[in-house]
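Undergrad: Below is one structure. I have some questions about it.
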Amino acid sequence: MKPISLFLLLAAIFNVQAQTQAPAPASPQPGQILVTGTVVDEASKAAVLTRLSELYGFDRVVDQVAVGAVSVPANWNAHVQKLLTPNLKLITRGQLSIDGSSVSLRGEVANEMQRQQIASEIATSLNPTYTVNNGLRVAAVDQGVLDTALDKRIIEFDSGQASITPHGLAILDEMAAAMQKLKGRKVEVIGHTDNTGLRASNVSLSQARAEAVRSYLASKGIAPDSVLTSGQGPDRPVASNATVDGRARNRRIEFRIAQ
């Protein structure tokens, strides 16, 4: 099923707001985009509604946006436009909330690749003064088994190496137990780095780390041919590389049900 068809079957809410809350929105009908909140002027309102109409169609956008005396960051309109991209159409039962410089995204996507793609797009389009809470989740039950086992933790490696730390091995023990439940499913192990250093070196390191994870999982009884590996280097960040915390979050191993 194409994402646009899936989207039209389900209601999606995009709550675009500034610093002042508007009245509680009505429930949207299936296929509608309900836009609520308060913005600083008519130009801001028109820009949001025009962009959403371009994405979803004029007849599907329900306008409940008010104009009022609210405070917004510099260039707020431009940053909002960066968030209203075609990738939003991959989300069902979704809610995008933009409250000043705080961005929150909720909803379901078809697979982990889409979740990472949307998170990466948001992280690279905004400046470091914005905070992003990515609450997207994968609808598939099997992917949920992996996500729950990893629980947003980072598998640690020795600095600049493909050797896994004891803390990382302890997490992989839990991942192996979870993967035992996914009988007949292939899992892709994907290595990621921050953008420090040469891209080619980071890609090689991320691939080596993914392969190290596969080797360890094999020692725990996971068939090597059921685990695919790839190294994405710095190309798919989930946070800004401009901060220490952001770079740490980007240095990660991702587990995804192979499609």
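The values are calculated or read from the model by the stated rules, or taken from the named source; none is laboratory data. Everything numeric here is computed off the predicted structure, so don't read it as measured data. Every residue, glycine among them, receives a Cβ derived from its backbone with ideal geometry; neighbour counts consider all protein chains shown. What goes into the accessible areas is simple: the full protein's heavy atoms, side chains included, and nothing from ligands, DNA or RNA. Shrake-Rupley method; radii C 1.70, N 1.55, O 1.52, S 1.80 Å.
Undergrad: Of the conditions (1) out of contact with any Lys or Arg (no Cβ under 9 Å at 6 or more places or on another chain); (2) within 29 Å of T92 (Cβ to Cβ), G135 fails just one. Which one is it?
TA: It fails just one condition, (1).
Undergrad: Continuing with the same structure: Does K152 satisfy being free of Cβ contacts under 8 Å to residues at least 12 places away in the same chain and under 20 Å from P224 (Cβ atoms)?
TA: On the way: free of Cβ contacts under 8 Å to residues at least 12 places away in the same chain: yes; under 20 Å from P224 (Cβ atoms): no.
In short, no.
Undergrad: Taking helices (runs of 4 or more DSSP H) that do not extend beyond segment 1-102, which have at least 2 residues that are open to solvent by 20 Å² or more (accessible area, probe 1.4 Å) and at pLDDT below 85?
TA: 3-9
Undergrad: If you don't mind, another one. If you take the residues of segment 221-259 that are surrounded by 12 or more Cβ atoms within 10 Å (Cβ to Cβ) and of a type in the set (D, E), which of them is nearest to I164 (Cα to Cα)?
TA: My answer is E254.
Undergrad: Could you tell me whether segment 95-106 includes any residue that is in contact (Cβ under 8 Å) with a residue 60 or more places away in the chain and either touching a Cys at 6+ places or on another chain (Cβ under 8 Å) or more than 20 Å from V39 (Cβ to Cβ) (or both)?
TA: Within segment 95-106, not a single residue is in contact (Cβ under 8 Å) with a residue 60 or more places away in the chain and either touching a Cys at 6+ places or on another chain (Cβ under 8 Å) or more than 20 Å from V39 (Cβ to Cβ) (or both).
Undergrad: Name every residue in segment 109-156 that is in a helix (DSSP H, G or I) and among the β-branched types (V, I, T), in order of residue number.
TA: I118, I122, T124, V141, V145, T148
Undergrad: In addition: Within segment 143-188, work out how many residues are at pLDDT 90 or above and touching an Asp or Glu at 6+ places or on another chain (Cβ under 7 Å).
TA: 4
Undergrad: Let me ask you something else. Of the residues in segment 114-138, how many are without any contact (Cβ under 8 Å) to a residue 40 or more places away in the chain and either exposed (fewer than 15 other Cβ atoms within 10 Å of the Cβ) or on the phi > 0 side of the Ramachandran plot (or both)?
TA: Qualifying residue count for the region: 3.
Undergrad: Just the residues that are closer than 18 Å to P86 by Cα and over 26 Å from the mean Cα position of the chain (by Cα), please, taken from segment 45-67.
TA: Selection gives F58, D59.
Undergrad: With the requirement that a residue be under 23 Å from A170 (Cβ atoms), assigned to a loop (DSSP other than H, G, I, E, B) and either touching a residue at least 24 places away in the same chain (Cβ under 8 Å) or not small (G, A, S) (or both), what does segment 207-259 give you?
TA: K220, G221, I222, V238, R251, R252
Undergrad: Which residue pairs have Cβ atoms under 8 Å apart, sit 6 or more places apart or on different chains, and have a first residue in segment 192-206 that is open to solvent by 10 Å² or more (accessible area, probe 1.4 Å) and at pLDDT 95 or above and a second that is of a type in the set (A, V, I, L, M) and outside any helix (DSSP H, G or I)?
TA: Sorted first by the residue in segment 192-206, then by its partner, the pairs are L205/A162.
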